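The values are calculated or read from the model by the stated rules, or taken from the named source; none is laboratory data. Values in this document were obtained by computation on a predicted structure and should not be read as measured data. Positions of Cβ are generated from backbone atoms using ideal geometry, with glycine treated the same way; all protein chains shown enter the neighbour counts.
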Amino acid sequence: MWEELYEDHYKEIVAYGTRMYGSKELAEDLAQETFVKALMNTETVADLSPGKQRAWLFRTFKNLFIDRYRRAVLENEYAQSWQPEYLEDHGIQEIENAMLLQSIRPQDRAVFQLRYFDGYSAEEISQMMNLPPGTVRSKLSRCRKYLKQNLE
């Protein structure tokens with residue numbers, strides 16, 4: 001049964017994977033994993049009709065691809081978390097700017113970050129922080145002036 005199942009569907013599964021994902025090598029690896037899964041689930045696969053066996057193989061193949069893709073995305077995110085952006089792209093100047101920003105009073109810094117990093121308007125910030133809009137604009141002006149003086 002296994003030889004027949006392999007001979008009947010291996011090339012078809014590899015062709016399907018190659019068309020969908022663009023890589024014959026990846027499709028071949030996943031096809032091998034699919035047949036290993038079939039061997040591990042002998043009772044389930046053996047009880048199916050030939051058409052359902054084919055469907056089971058294709059569905060398993062697709063699930064393996066999705067799992068591999070998700071794993072690659074998570075590994076990429078994890079690898080990037082070990083490389084802080086400011087060290088990777090901007091160097092020492094970015095660190096100095098961050099330290100300068102930390103020297104601003106906490107409430108003023110919060111207003112500044114909400115406006116210039118998070119993109120909120122002065123009116124939205126005034127609602128969030130329960131401050132008059134004029135006070136928010138004043139804090140923003142004071143922060144800009146302070147940063148401009150210290151960046152020069």
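Miscellaneous remarks
- The stretch 49-71, subset surrounded by 13 or more Cβ atoms within 10 Å (Cβ to Cβ) and among the hydrophobic types (A, V, I, L, M, F, W, C), residue farthest from Met20 (Cα to Cα): Trp56
- The one condition in (1) farther than 21 Å from Leu151 by Cβ; (2) modelled with pLDDT under 85; (3) surrounded by 15 or more Cβ atoms within 10 Å (Cβ to Cβ) that Ala79 fails to fulfil: (3)
- Within the stretch 114-152, the set of residues being aromatic (Phe, Trp, Tyr) and out of contact with any Asp or Glu (no Cβ under 9 Å at 6 or more places or on another chain) comprises Tyr116, Phe117, Tyr120.
- Residue pairs meeting the criteria (Cβ under 6 Å; at least 6 apart or on separate chains; first without any contact (Cβ under 8 Å) to a residue 60 or more places away in the chain, in the stretch 15-28; second among the polar types (S, T, N, Q) and in a helix (DSSP H, G or I)): Lys24/Thr18; Ala27/Thr18
- Any chance Leu39 is within 21 Å of the chain's Cα centre (by Cα), farther than 30 Å from Tyr146 by Cα and touching a residue at least 24 places away in the same chain (Cβ under 8 Å): no
- Counting only residues that are surrounded by fewer than 13 Cβ atoms within 10 Å (Cβ to Cβ) and part of a loop (DSSP other than H, G, I, E, B), the stretch 106-138 holds 6 of them.
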